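Below is one structure; the comments refer to it alone.
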Amino acid sequence: MTRRIERINETIRSELSQILLKDINDPRLDGIITITEVNVSPDMKNAQVFLSVLGTQQQQEEALEGMKSAASYLRRTLKNRVLLRNIPFLAFKLDNSAEMGDKLLRLISDANTD
């Protein structure tokens, strides 16, 4: 991955976080949602956006659906905030790495107590 793509990934992640915090009024997106990572394709046409949602499985799925429905609005808003010729299409996925890390830490803790 080139340095330019890394900077674009970070810029899009930061701007999406700000838009989500200030501009989105969808009730499905009221919980604690963190955009953990953005991966823009080398041709800059697509971007995968990874979300971490604090809550139950149902809340996570609702937040994912809310983000998918807001994708076109987010893309239009990014167009006004980010100086890129083409704004990539956004695809959202849940990031379960925090849950996996918590599970792993509990397993390690249980193994140490035995």
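Before moving on, here are some points about what is shown:
- Residue in the range 53-63 that is under 19 Å from SER14 (Cβ atoms), touching a residue at least 40 places away in the same chain (Cβ under 8 Å) and either open to solvent by less than 30 Å² (accessible area, probe 1.4 Å) or in contact with a helix residue (DSSP H, G or I) (Cβ under 7 Å, 6 or more places away or on another chain) (or both) present: yes
- Residue within the range 4-20 that is in a loop (DSSP other than H, G, I, E, B), in contact (Cβ under 8 Å) with a residue 12 or more places away in the chain and out of contact with any helix residue (DSSP H, G or I) (no Cβ under 7 Å at 6 or more places or on another chain) present: no
- Contact map, the range 30-52: residues that are farther than 16 Å from ARG3 by Cα paired with residues that are among the charged types (D, E, K, R) and assigned to a strand (DSSP E or B), Cβ distance under 7 Å, separation 6+ or inter-chain. Pairs shown: GLN48/LYS93; PHE50/GLU37; PHE50/LYS93.
- Taking (1) surrounded by fewer than 18 Cβ atoms within 10 Å (Cβ to Cβ); (2) in contact with a helix residue (DSSP H, G or I) (Cβ under 6 Å, 6 or more places away or on another chain) in turn, VAL40 satisfies each apart from (1).
The values are calculated or read from the model by the stated rules, or taken from the named source; none is laboratory data. Note that the structure is a prediction, hence the values are computed from the model and not measured. Note that we place each Cβ from the backbone using ideal geometry, even for glycine, and neighbour counts take in every protein chain shown. When the accessible area is computed, the model is the full protein with side chains, heavy atoms only, and any ligands, DNA or RNA have been set aside. Shrake-Rupley method; radii C 1.70, N 1.55, O 1.52, S 1.80 Å.
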